[in-house]
Every structure is written in structure tokens, then in C-alpha cells.
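Since the structure comes first, as C-alpha cells, the remarks are kept for the end.
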């Protein structure tokens, strides 16, 4: 043996301590639940229920929502956006193919962002709330796009 090499006991992987080799392989090869189509479908159903609830708020109390953003006009627009939300939510919950409805929600989210962007030009608008709304819609849009892509791959 060379002088630079020392004999050290061979180390085992920490995952194998006390477990049969087949168990270690099963753990390593298990797909995390968050990556499964079943998880994406469950999350999409949650988005559907949220969409119905938020749409109901927009339809029933558009004036409160416009006042929250500091905009005096636009109650009819908010009511229309609420109907779109409700329709999307029902489509998610009732449909066997959820991905196309989610991509429709992405387009609707773009409309929401355009409406909020227009509200930024209003001098009396609560810019902080409008910016917060833009951030929230952007997050929901990313979630809708992620779920639409994931469920589109599995034809769900």
C-alpha cells in the first residue's frame, strides 16, 4: 500500500442503516406525492371551489370590492369577472377534462391583471391595494398555468 493511502473502513450510506437493500431502493424510487397527477387534480379541485367562492363575492358585493381598491366605477365589470370565476369553478368541479378549463382561467387571470393595471391609472385608486391585487392574481395565474400544464400531460 502506498504511504499516501490509509486504510479506512468502508462507509455505508446513511439510508441503508438497518434496512434491507430493497427497502432503501423503494424509498429512493418513490415519487413524492406533490409530483403526482392525483395531487395536481386535488389542488385543481381546491382552485375550483376557491373560484366559485371568490366569484360569488364579486357578483354579490362588487361595490365593496371596487371601494377596497379605491375605484368608484367598475361594479359591472367586477360582476362580469365574478360570473367568469363561477363558470370556471363549476367547469373544474364538473368536468372530466380539467386542463382546458385551467388554461381558460389563465386567460381570465390576464383580463383581471389588465383591469387592475387600468385601475392604477386612476388618481384616486389605492395603489397599494391594486399592487397587492396584481401580485395575488399573478400568483394564481402561475398556479393555474402549472396545474394546466401538469394535468394536460395526463389528459385530466
May I ask for the distance between the Cα centers of the stretch 42-115 and the stretch 124-156, given as a whole number of Å?
11 Å
Between residue 56 and residue 134, what's the calculated FRET efficiency when r is the beta-carbon distance and R0 is 25 Å? Round to 0.05.
0.65
Taking the Cα-to-Cβ direction at residue 39 and at residue 110 and moving 7 Å from each Cα, how far apart do the two end points lie in nm?
2.9 nm
Hey, what's the per residue convex hull volume over the C-alpha atoms of the stretch 37-153, in cubic angstrom?
79 Å³
For 124, 85, what's the fewest-to-most ordering of other Cβ within 10 Å of each Cβ?
124, 85
Simple spin-label model, 7 Å along Cα-to-Cβ: residue 123 to residue 97 in nm?
5.1 nm
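How do 128-139, 68-79 rank on mean C-beta neighbours within 10 Å, highest first?
68-79, 128-139
Give the calculated FRET efficiency between residue 49 and residue 153 to the nearest 0.05, with a Förster radius of 25 Å applied to their Cβ-Cβ distance. Could you put the intermediate results ahead of the total?
Working: r = 23 Å, r/R0 = 0.93.
Here the calculated transfer efficiency is 0.60.
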Förster-model FRET efficiency, 30 Å R0, residue 67 and residue 145, C-beta, rounded to 0.05:
0.45
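Since every read-out is calculated from the coordinates, none of them should be taken as a lab result. Keep in mind it's a predicted model, so treat the numbers as computed, not measured. Neighbour counts run over all protein chains shown; Cβ positions are idealised from the backbone, glycine included.
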